[in-house]
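Contents: one structure, followed by commentary.
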Amino acid sequence: MIARTWRGRVPARHADAFERHLLATGVADCSAPAGCLGAEVARADLDGHVEFRLITYWQSWEAISAFAGPDPGVAVLYPGDERYELVPGRTVEHHQVTHREEQDGSHVGRAPLGKGVAEGMADQRR
């Protein structure tokens, strides 16, 4: 499993409205393609601004490329983002999920990388 992380910041006065926008655009859009395993949105208050992180989970590098396009390291941005005075991250980070534990004791261990995943992650580090 691969985690793809994007971050962006908006003025605090736009935070709640931007979160709704993010759910309707970024979360909805990435949840549609095959290979998306889920998404999380996190937010933090920072001196008059709110930083958002969208973390999506993917089955393979091919699934990420189908969503993100030919350069999966570039962030996918949406029309309307500017209404919230978004200062977007223009790039994203990809990390292989090596362990994830749920409260019920279940966990996701390190799974073998799919074809192209290791190469794609290596390309991102360059």
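The values are calculated or read from the model by the stated rules, or taken from the named source; none is laboratory data. Here the structure is a predicted model, which is why all the values come from computation and not from measurement. Every residue, glycine among them, receives a Cβ derived from its backbone with ideal geometry; neighbour counts consider all protein chains shown.
Across region 59-79, the qualifying residues are those that are in contact (Cβ under 8 Å) with a residue 40 or more places away in the chain and touching a Ser or Thr at 6+ places or on another chain (Cβ under 7 Å), and the one among them that is surrounded by the fewest Cβ atoms within 10 Å (Cβ to Cβ) is Y78.
Counting only strands (runs of 3 or more DSSP E) wholly contained in region 1-77, the ones carrying 3 or more residues that are in contact with a strand residue (DSSP E or B) (Cβ under 8 Å, 6 or more places away or on another chain) and among the basic types (K, R) occupy 2-11. When restricted to residues that are part of a loop (DSSP other than H, G, I, E, B) and either over 14 Å from the mean Cα position of the chain (by Cα) or under 26 Å from P11 (Cα atoms) (or both), region 78-102 contains 11. Answer yes or no as to whether V117 is crowded, with 17+ Cβ neighbours inside 10 Å, of a type in the set (V, I, T), modelled with pLDDT under 95 and under 19 Å from the mean Cα position of the chain (by Cα). Considered against the rule, which asks whether it is crowded, with 17+ Cβ neighbours inside 10 Å, of a type in the set (V, I, T), modelled with pLDDT under 95 and under 19 Å from the mean Cα position of the chain (by Cα), V117 comes out as yes.
The single condition from (1) within 15 Å of V92 (Cβ to Cβ); (2) touching a Leu at 6+ places or on another chain (Cβ under 9 Å) that D71 fails is (2). Within region 16-28, residues that are among the aliphatic types (A, V, I, L, M) sit with their Cβ atoms under 7 Å from residues that are assigned to a helix (DSSP H, G or I), at 6+ positions apart or across chains, in these pairs: A17/Y84.
On inspection, G89 does not qualify as among the small types (G, A, S), surrounded by fewer than 16 Cβ atoms within 10 Å (Cβ to Cβ) and modelled with pLDDT of 90 or more.
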